[in-house]
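Before any comments, here is the structure.
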Amino acid sequence: MSAPLHPGYADDRVRLLIEKLPCRETQLNTLLALMGEPEQYCYPSIFIYGHRATGKSYVIQTLLRELELPHAVVSCVECVSAGILFEQVLRSFFGSAYSSSNALPRKPSLSDFIRLYRQLCVQFPATQTRYIILDKAELLRDMDANLLPGFLRLQELVEDNVTVILLSEIVWDKFRPNTGCFEPLLLHFPNYSKAELQQILARDTHPAYSPELYSSYINILLGVFYSVCRDLRELRHLAALNFPKFCEPLETGEAKEKDAHKLWRNIEPQLKKAMQTVYLREVSSVQWEEQQSAEGEVAELRGLSSHDHVELPYYSKYLLIAAYLASYNPARTDRRFFLKHHGKIKKTNFLKKHEKTSNHLLGPKPFPLDRLLAIFYSVVDSRVAPTASVFAQISSLVTLQLLSQVSHDDQLDAPKYKCAVSLDFIRAIARTVGFDVVRHLYDFLLRPDRHADRACRRVTTCPLLLILSRRTLSFQMYAGPPLACDSPIPAASRFLRPPDVSEKMQK
Amino acid sequence: MSKRKSKDIHLPAGECLSQVQRLLRERFCHQQLPVGPFGFESQHKHLLELLKRTAVHGESNSVLIVGPRGAGKSMLLNCVLKELMEMNEVKKNILLVQLSGLLQTDDGIALKEITRQLNLENVVGDKVFGSFAENLVFLLEALKKGDRSSSRPVLFTLDEFDLFAHHKNQTLLYNLLDISQSAQTPVAVVGLTCRLDVLELLEKRVKSRFSHRQIHLLSAVDFQGFLRGVELQLRLPPDFPDRRFAEDWNAGVEALCEDKSAEAVLRKHFNSSKDFRSLHMLLMLALSRVTVSNPAIRPADLLEASRLCTSDAKANVLHGLSILELCLVIAMKHLNDVYEGEPFNFQMVHNEFKKFLQRKSHSVHNFEKPVVVKAFEHLQELELIKPMDGASVRSQKEYQLVKLMLDHTQIMEALQKYPQCPTDVKQWATSAFG
């Protein structure tokens, strides 16, 4: 007779478990070995950590359910107060005995819980180890300070055969209170490897197609997403969502199941697009499916973060642009940008050292209202009277959270603001009013000794162009190749103009 | 196994091991130790004497037991209490009240608990008391037998004593220690704490009422003593049902303690911590590997257990990150090197990452900024990076200053073991500047 896999548990049950928990056999065996036979004591508290969707809750819950061990599963997200947590534990261990007899008082403390647990425990002593599973245990830290240390040594406090299992994505080091506490036993659930992901994902095949086809589809999907996302749940969702598109050429008869390359060419751009939309939750999966079915018309999929849906009044746009310039340019460079005869100011010399790092790396700086208005008047086309409507537009920009007020509300005479939009956003806004923001930004300024700048000077000396206002000039210069904003923003002193622009101007 | 006839009972191997597991698990998980406090004989004697004086002669006392976590404070106290309760003259006489700073979080709850543990709920009834002290005195008064001389001594044990010092006005501590000073009811107050500076936490009026008697549990065992401790913990008692098996097991334990590799593991453990709790964790992990096919703890089991105990959790988490997230961590590492640990924001990290992509990367592709933001947020969720100031600050999330919570060496070590790490990413990490 061969030895049982795990003493105390029926072999077929254990085999069924291994079947149900693919690729988690090592973890399962470690857990079963730690738990020992049902009547034996287990370590008072076990802390299981691992990334999202590595099967922490699933393994534990399936294990306890299949082996029919007494357990209470509590998700800490649901527990807005400790009382709910206590009640769930007591109810799942003692059932009717708990509800009929003395219930917990209102706003129960840990002391009440322990007292009641002990009372009930005398009536119903544990014949098998009881398990309390606290899912998302990191939230316990935000509850009363005594709760986490209390649960960790619960076995000692209630004097019952009970084990607390904590599940979390965060490492134990972040949990330890100041003066320390009972150290739980740590167990790590590693991620599924690529091969394991492939194996699990290939399990849910489509009935109409062969498993090999689905498997090759999963292979393509992992090729696109694996370097970004290792979350099984997310990948599964994406796989299900994009499979109809993958099968399209098969249905129309354009390709056969063996034409792997053709299928791949068809689906790859689709998956890449999905990464920018569905994966980021920019569009819902319903929208995504609708868009896929609306074949033919070039329906550009717009996410929440695309800037085209923001519609602002004319002056508000200029106000926002002015605010952006005020936030990202040092105040003393204003002369250079907004004064006609600013004289020769060399870029590198007159700024302090800390001003040399790009503001686009450090973030927006606060500015006073006066400066905002001064820049606004110098950038806006027509003459605008400083009426109440302009001020009202400023405060509505604050309400829209495009600007944020940094000074206190009681400072009426000189409020300070910060611009809270991104460069891409402000470029989109500026395009609608025909204003070139990049030209007015100190971070994208040219170094004077570059040949590109010499070309620039040559252009301005040309008599014909002199009549053009500076804004239109700059607009022409940048009309062709857009300045690549996706390229890294260098420290200002190192900035190089994109080569193609300068070449063009030299001609 | 053997067909030899003997007087002992022979159990099948599975049964024996089940017994072993039950017995040893009770030791490691439920603190039911085979021997008394190991290495703390003098402290044990001191405490026992002290409590006996209260119990028998009605002398009031207060004492603090101070020692690091897992050093055996509760174990020592429990041993002493058990011994005390076995004495005939004490058992009928003394009343025990056990409080814990974790449970009784304020003095109101503590008082209710005292009432309950003294079985005085019906005496108190619906009475309303003016002050805490009045209430406590009433409780102790109720315990008196009639004449002043023969009231029953009460033994208070306060686990996590330092937490009681945080209660408002330290009312409970004040009253308990006050009673222990005055010649009212005989009480003994035993506090357990892991804070050496616990007396600093006490208010002046509380401190002056404390007897300043402290028992320190600072383990002074050397490695040989530690090894003997391990052996004692693993040994089976002589009353084990199957004596042959017990002998085999004990011989196995002795062999284990003499084995070179096992000794190396234990020495490593001894050098990092001497306390009982972490030793129990190690032995528990080793014990869980004992099965019918492997009926003794081998050095390899101990090695494996120690590997589990000491594995670096953060490195484990790093191994599970996607390539993109790993790249961001490396970018942060470079920023940390360049700016000497100054906090940074997402823009800087992204900028650093893009520089890498432009110059050296062959295996990592360019990702849209929102995708990178998502990866960054995931790192924040995992608390590998931590925002400098609270979330209340209204600033764009790209510009919120964060700090990397990882060590330089941690990152490099994790990178070495990262499954299928592209070589250019590895090179980028090891290169001195960006």
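The values are calculated or read from the model by the stated rules, or taken from the named source; none is laboratory data. Small disclaimer: the values here were computed from a predicted structure and weren't measured. Don't worry about glycine lacking a Cβ; one is built from the backbone with ideal geometry, like all the others, and counts go over all protein chains shown. Heads up: the accessible areas ignore ligands, DNA and RNA and are worked out on the full protein's heavy atoms, side chains in. Shrake-Rupley method; radii C 1.70, N 1.55, O 1.52, S 1.80 Å.
Scanning the range B:206-219 turns up no residue that is surrounded by fewer than 20 Cβ atoms within 10 Å (Cβ to Cβ), small (Gly, Ala, Ser) and within 14 Å of chain A (Cβ to nearest Cβ). Of all residues in the range A:51-68, those satisfying the criterion of being surrounded by 16 or more Cβ atoms within 10 Å (Cβ to Cβ) and part of a loop (DSSP other than H, G, I, E, B) are A:51, A:52, A:53, A:54, A:55, A:67.
Of all positions in the range A:150-162, none carries a residue that is farther than 11 Å from residue A:45 by Cα, touching a strand residue (DSSP E or B) at 6+ places or on another chain (Cβ under 8 Å), away from chain B (no Cβ under 11 Å) and buried (at least 18 other Cβ atoms within 10 Å of the Cβ).
Restricted to helices (runs of 4 or more DSSP H) entirely inside the range A:270-353, those with at least 3 residues that are at pLDDT 80 or above are A:314-328, A:334-338. Return the pairs, sorted by first residue and then second, in which the second residue is among the acidic types (Asp, Glu) and in a loop (DSSP other than H, G, I, E, B), the first residue lies in the range A:63-83 and is within 16 Å of residue A:166 (Cβ to Cβ), the beta carbons are less than 9 Å apart, and the residues are 6+ apart or on different chains. Correct list of pairs: A:82/A:144. Please determine, by comparing only the residues of the range B:330-351 that are out of contact with any strand residue (DSSP E or B) (no Cβ under 6 Å at 6 or more places or on another chain) and outside any helix (DSSP H, G or I), which one is farthest from the other protein chains (Cβ to nearest Cβ). Top of the filtered list is B:341.
Based on what the data block shows, is residue A:249 within 14 Å of chain B (Cβ to nearest Cβ) and over 22 Å from the mean Cα position of the chain (by Cα)? Give the derivation first.
On the way: within 14 Å of chain B (Cβ to nearest Cβ): no; over 22 Å from the mean Cα position of the chain (by Cα): yes.
Taking the combined requirement at face value, the residue does not satisfy it.
With respect to the stated conditions, residue B:268 fails to be within 13 Å of chain A (Cβ to nearest Cβ), open to solvent by 10 Å² or more (accessible area, probe 1.4 Å) and in contact (Cβ under 8 Å) with a residue 24 or more places away in the chain. Can residue B:356 be described as more than 10 Å from every other protein chain (Cβ to nearest Cβ), touching a helix residue (DSSP H, G or I) at 6+ places or on another chain (Cβ under 8 Å) and of a type in the set (Phe, Trp, Tyr)? When the stated conditions are applied, residue B:356 does not pass them. Looking at the range B:169-189, which of its residues are among the β-branched types (Val, Ile, Thr) and either buried (at least 22 other Cβ atoms within 10 Å of the Cβ) or in contact with a strand residue (DSSP E or B) (Cβ under 9 Å, 6 or more places away or on another chain) (or both)? Matches in the range B:169-189: B:179, B:185, B:187, B:189. I'd like to verify a number: residues in the range B:80-114 that are open to solvent by 10 Å² or more (accessible area, probe 1.4 Å), out of contact with any strand residue (DSSP E or B) (no Cβ under 8 Å at 6 or more places or on another chain), at the interface with another protein chain (Cβ under 10 Å from one of its Cβ atoms) and not small (Gly, Ala, Ser), how many? Qualifying residue count, the range B:80-114: 5. Among the criteria (1) modelled with pLDDT of 90 or more; (2) outside any helix (DSSP H, G or I); (3) surrounded by fewer than 17 Cβ atoms within 10 Å (Cβ to Cβ), the one residue A:22 does not fulfil is (1).
One line per residue, one yes/no per condition, for (1) in contact with an Asp or Glu (Cβ under 7 Å, 6 or more places away or on another chain); (2) open to solvent by 10 Å² or more (accessible area, probe 1.4 Å); (3) acidic (Asp, Glu); (4) without any contact (Cβ under 8 Å) to a residue 60 or more places away in the chain:
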| residue | (1), (2), (3), (4) |
| --- | --- |
| B:288 | no, yes, no, yes |
| B:308 | no, yes, no, yes |
| B:312 | no, yes, yes, no |
| B:319 | no, yes, no, no |
| B:324 | no, no, no, yes |
| B:329 | no, no, no, no |
| B:332 | no, no, no, no |
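Take the conditions within 14 Å of chain B (Cβ to nearest Cβ) and farther than 25 Å from residue A:362 by Cβ and apply them to residue A:424. Does it pass? No.
Would you point out the residue of the range B:36-55, among those that are in contact (Cβ under 8 Å) with a residue 12 or more places away in the chain and open to solvent by 60 Å² or more (accessible area, probe 1.4 Å), that is farthest from residue B:236 (Cα to Cα)? It comes out as B:52.
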